[in-house]
1. Would you work out which of Val83, Ala186, Phe13 lies farthest towards the positive end of the dipole of the chain, given +1 charges on the beta-carbon of Lys and Arg and -1 on that of Asp and Glu, about the Cα centre?
2. Quick query: amide H of His137 versus all other amide H atoms, modeled in the peptide plane; which residues come in under 5 Å with a sequence gap of 5 or more or a different chain?
3. Want the number for Gln58 to Ala75: 0.36 nm per residue separation, take away the alpha-carbon distance, what's left?
4. To the nearest 10 degrees, how steep is helix 80-93 against the longest Cα principal axis of the chain, on a 0 to 90 scale?
5. Mind grabbing the accessible area of Phe132 for me, 1.4 Å probe, Å², rounded to tens?
6. Short version: ³J(HN,Hα) in whole Hz for each residue of the range 51-59, in order, from phi by Karplus 6.51 cos²θ - 1.76 cosθ + 1.60 (θ = phi - 60°), x for Gly and Pro, what are they?
7. Which of Thr67, Thr105, Thr92 ends up with the largest GNM mean-square fluctuation for the chain, with Cα atoms connected below 10 Å?
8. Which percent of the accessible heavy-atom area of the range 95-198 goes to carbon and sulfur, probe 1.4 angstrom?
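The values are calculated or read from the model by the stated rules, or taken from the named source; none is laboratory data. All values derive from a computational prediction rather than experimental measurement. Backbone-built Cβ (ideal geometry, glycine too); neighbour counts: all protein chains shown. Accessible surface is based on the protein model in full, side chains and every heavy atom, while ligands, DNA and RNA are left aside. Shrake-Rupley method; radii C 1.70, N 1.55, O 1.52, S 1.80 Å.
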Amino acid sequence: MCSDFTHAVVLDFEATCDEQAPPRPQEVIEFPSVLVDVAAREIVDEFTAFVRPLHHPQLTEFCTALTSIRSEDVADAELFRDVFARHQAWLTRHDLHERRAIAVTCGDWDLGRMLPIQCAAVEPPISTVPPFYARWHNLKRMFCTVMHRSKAPGMGGMLNALKLQLVGRHHRGVDDCRNLAAILVALLEAGGSLEVTAERRYPPT
Ligand code: AMP
Ligand code: MG
Ligand code: MG
């Protein structure tokens with residue numbers, strides 16, 4: 001796969017959750033991204049938004065303790081459909097599309113599991129999701145290649161291994177994006193390659 005991407009869009013959803021199992025259906029509550037200029041190795045913009053969950057608008061104490069996001073933070077927020085449209089408009093303002101930019105996530109959960117769950121739970125239909133969100137780079141893969149490991153730790157472990165300080169609060173989406181962007185920049189500096197590591201094909205309507 002090509003690695004000619006000029007930009008990386010680090011993306012990290014936060015979602016409704018609880019101690020034992022997440023509420024069904026699980027819903028996105030924060031949709032942040034940090035835009036990295038690959039050649040310059042620097043952050044050039046951020047997108048951040050809370051998302052109002054439709055099915056379980058009251059966040060659990062566990063969820064607030066984990067993410068720092070309170071029910072009142074999401075009560076007046078836009079629905080996923082509208083935040084998602086603004087995220088797409090933000091990409092377009094930066095003249096980004098799937099040939100120039102790639103989404104970067106920690107693992108495959110965000111775009112591989114949570115996005116389809118969100119689309120099934122509320123909207124938009126998964127079949128209308130733009131191709132940009134149907135493929136991504138799992139940062140753990142780059143970590144394993146660059147650090148010669150067979151298995152990647154979580155974000156905290158990757159920061160430690162690269163001697164990077166945690167900024168902000170772990171499990172707050174925008175802070176996770178900033179920390180993952182720092183990991184990405186360090187791995188690119190060390191020779192990491194930004195390739196597509198996962199791809200989905202959503203059936204047309
Ligand atoms: P993260 O990006 O690691 O902050 O996690 C994304 C989402 O996964 C969170 O918003 C929660 O919905 C869920 N999650 C993460 N860690 C836990 C955990 N220890 N227990 C339950 N849910 C979790
Ligand atoms: Mg995450
Ligand atoms: Mg997170």
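1. Towards the positive end, the residue furthest out is Ala186.
2. Ala103, Val104, Thr105, Thr197
3. Working: separation 17, 0.36 × 17 = 6.12 nm, distance 0.84 nm.
Full extension of this stretch gives 5.3 nm more.
4. The answer is roughly 30 degrees.
5. 10
6. 10, 7, x, 7, 7, 10, x, 8, 6
7. Thr92
8. Numbers: 2270 of 4510 Å².
The value for the range 95-198 is 50 percent carbon and sulfur by accessible area.
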